[in-house]
Each structure stands twice: as structure tokens, then as C-alpha cells.
Amino acid sequence: MEGAVRLRAGASKWDVREQVWDYLEASGLAAFPRPVHHRIPNFEGSHQACCSIKELDEFNRANEIKVDPDKPLEGVRLAALQARKTLLVPTPRLRTGLFNKIVPPSGATKEILRICATSQGVKEYSVPIGLDGKARVDLVVVGSVAVSEKGWRIGKGEGYADMEYAMMVSMGAVQKDTPVITIVHDCQVVDIAEELLDDHDLTVDYILTPTRTIKTNCKRLKPQGIIWHKVSYEMLEKIPILKSLRYREKQAGKDVTLKDEHPDLANASKPAVLNEKAMAENTRPQAATGSAQIGQQYVESDSLSPRLEESGMLTTVYVGNIPPTTRVSELKCALREFHATPLRLNWQGAQHRAFLNYKDKATAENAVSSLKGLSLRGNILRVELAKNQRNKGQVKGKSIVKNEYE
């Protein structure tokens, strides 16, 4: 089957994908889910290819393994669970975090482990692991649309596997010598031109097919972290945890300028900064004494229209799971960075929570979306619209907020 897909001269990455997808479908090698186009394709013999991983020393030595959620990798996830290894699976499209750690129930049967290895099992038997989860991955397994014997890899074109690896580098979860394996059908092993690879593309060290185990001896350097000037605002919005990582790296002094960010866009945060200044000026007595005290409750607010306050139009966002040592200034800094500065901030550090008031529901929902995945001092914050809220105005500069969390 080697060489079954012969690439056209000058083929682009997308040409390679189309030819592989077309061949799998036309040859009857494609397996559920179908069509395989625009996916990491599942194929006949994928389980056999996955089982061969148990013969690799790299697998047997590994304690913690990261395996992508793609269908053709299901057999690897099962092998890892059966070998009692720690299994990490990226959340689909990184929408809700970085990893899910699969935790089978005590005394799980073979059948339960099979379920745990499926996409449904990932939902039912997992706990989230964030950027500060102290993961130490010994082996990385990714899906591919096409791969060369030299280790050049082409995914489905959305960049999630490359991004996941770069994020693992940034959080210290992988090392330079952490092996990367891909599982494909023999027909997906093609002669890819190195010129097609970019510096953010992930390469592989082993290729497992239904008939072969290929050691690539790839010397090309793998991604060394997030290349921010290649990240777009659109991707930042799609991947909430990427916002948190960008915030953390910016705090560390790294250049996190995005590819579609221009100097004139830097003023986009100016209203938030001014609003923050107004909040501090309007509540200087509380800020002078309260912000120095970890956990003290106080309220900071911008000048609000009495009509707006009395109308009950304000919408409150609940922020929970705040670490006990966090200062309100840290949350305020994050709110500015994520362009989510509220009209009023009700800090309740002793209860590990805060309430943010916005002028209307749409603004509040945008803030929730922006802050999803935000991590402070190792905790991923719980951010959502407060339910059953009733704003009863201000009493001596303090806001009374009643809701289900109190």
C-alpha cells in the first residue's frame, strides 16, 4: 500500500489532504465517522495499528500519556488505560480547557475501560486539567491526515495538535526529548516536501500503521512554545485557555503581539483602563484600606446613572474558585487585560468569589465569554452569569447582591 497516494508536483498542504481523503473513500479504506474529509480520518485497521504501540519501549516506560480525541486513536487510549497509565485527552477544539484526565471508576471492567477510551467516555469519566495542573507528559500521540517517513506531518488544517503541543511546552508539560507518535493507514504515508512545513508545525518520531512501525529519526526542531505573531484574534476567541496563557506570558514579559494586532489597536484597552481609574477614584477610601487586605469585602464602582441603577437593568457575573491568597488587584488586572472591566466590582475574597456588574446582559455575556478559562494562582476561575440576582442599590457605597451563591 506504500506509495498508493502519489502527490502531484508542487502540491500544497490542502492538495495533500484532499488526495489522501479522496483515496481513503474511493478505496474503501475509510471507516466511521464518514465522510473522512475535513477530519483526522479513521480507517480500516486502525485498532491493529494502535495495538502495536504496546511494543514500543517509549510506551512501556511512559507514566503519563497525552492522546488526541480522534476516533482512529481510540485503541491507543484503551491501551493506556489497560496499562494503568495516566491518560490525558485534549478537550475538543480546546473549547473548555486544555486536558481532560480520564479517571475510570474503581474496579472498572474491560468493558468500562473501552467506554472510557471513547469520546463519550472522555465526557463521563474525566476531570479537567488546566495550565497549572502540573502535568508531566512522557509520550504524545497525535492523529494525522498525512505523514512522511522523515516525520513531516500534515493535520486537518485547523492547527489544534500544533497548538496543544506548543501550550504543553509553555506549561512545562513536555521536554525536548518527549517522543511524538502518530497512527495512520499505510496509504497516508506519503512523500511530503519539507518546504510545506512551517516553524509551528509538529513533527513526529514514530509512525504506526497496520503493517509497519516507522522510526523517523526526525531532527527538525519541534515548536518551542506559542508563536504569538501567528495567532489571530479569531483563534484567541475560539480557545479561552489560550487567553489565559497569553495573559500569563505577558505578565512574564514576553512579546505576545498577535498577527492581526496593530499599534492603533493598542488603544482598544484604553476605555477599560480609564474605567478602572474611575472605579478607583470613586472608591478611594475602600481601595486605600481594603485592597491591602487579602479577602476583605468591599465594592469598587464607576459613576453609575441613578436611572440605570434603579431600573434593575444591571447584569451580574459571578466569579468563583478564587484562590485564598489572591488580591483584588490581580483580578482587576486580568479584567483590564481581557477587556471585561465592569461598572462595579463586589470583591468577597474571604468567600473566594467576586461579583461583577455590567450595564446589560449582552455586555455581561461577552465578559463571561472573554473570561472563560482564566486562571489565577493555579485555579481556573468559575465564571458565569449570576442566577436569581436582585440588585438592591447601594448602602454607603457598598452593593448588596443576592443570589444563589450567598
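Looking at segment 257-279, can you tell me whether even one residue there is assigned to a helix (DSSP H, G or I), at pLDDT 85 or above and not acidic (D, E)? No: zero hits.
Figure legend. Inter-residue proximity from segment 36-52: first residues surrounded by 22 or more Cβ atoms within 10 Å (Cβ to Cβ), second residues acidic (D, E), beta-carbon distance below 6 Å, spacing 6+ or different chains. Indicated pairs: I40/D70.
The conditions of being acidic (D, E), loosely packed, with under 15 Cβ neighbours inside 10 Å and modelled with pLDDT of 90 or more are not met by E158. Among the residues of segment 356-370, the one identified as under 25 Å from the mean Cα position of the chain (by Cα) and not in a helix (DSSP H, G or I) is L356.
Residue pairs whose Cβ atoms lie under 6 Å apart, sitting 6 or more positions apart in sequence or on different chains, and linking a residue in segment 63-88 that is more than 19 Å from Q188 (Cα to Cα) and in the same structural domain as G107 (by TED's automatic domain parsing) to a partner that is of a type in the set (D, E) and outside any loop (DSSP other than H, G, I, E, B), are T86/E64. For segment 164-195, the candidate set comprises residues that are closer than 24 Å to A11 by Cβ and of a type outside the set (A, V, I, L, M); within that set, the residue that is surrounded by the most Cβ atoms within 10 Å (Cβ to Cβ) is T182. Within segment 196-242, the set of residues being surrounded by fewer than 21 Cβ atoms within 10 Å (Cβ to Cβ), assigned to a helix (DSSP H, G or I) and either in contact with a His (Cβ under 8 Å, 6 or more places away or on another chain) or not aliphatic (A, V, I, L, M) (or both) comprises W228, H229, K230, Y233, E234, E237, K238. For beta carbons closer than 8 Å, sequence separation of 6+ or different chains, a first residue in segment 198-223 that is touching a residue at least 60 places away in the same chain (Cβ under 8 Å) and a second that is aromatic (F, W, Y) and in a strand (DSSP E or B), the qualifying pairs are T213/Y206; I214/Y206; T216/Y206. Among the residues of segment 350-406, those that are at pLDDT 75 or above and among the hydroxyl-bearing types (S, T, Y) comprise Y358, T363, S369, S370, S375. Scanning segment 53-104 for residues that are surrounded by fewer than 22 Cβ atoms within 10 Å (Cβ to Cβ), of a type in the set (K, R) and touching a helix residue (DSSP H, G or I) at 6+ places or on another chain (Cβ under 9 Å) returns K54, K71, K85, R93, R95.
Scanning segment 1-35 for residues that are within 18 Å of I192 (Cβ to Cβ), surrounded by fewer than 18 Cβ atoms within 10 Å (Cβ to Cβ) and within 30 Å of the chain's Cα centre (by Cα) yields a count of 4.
The values are calculated or read from the model by the stated rules, or taken from the named source; none is laboratory data. Every value quoted in this text rests on a predicted model; they were computed, and no experiment measured them. Every residue, glycine as well, gets a Cβ built from its backbone with ideal geometry; the counts of neighbours run over all protein chains shown.
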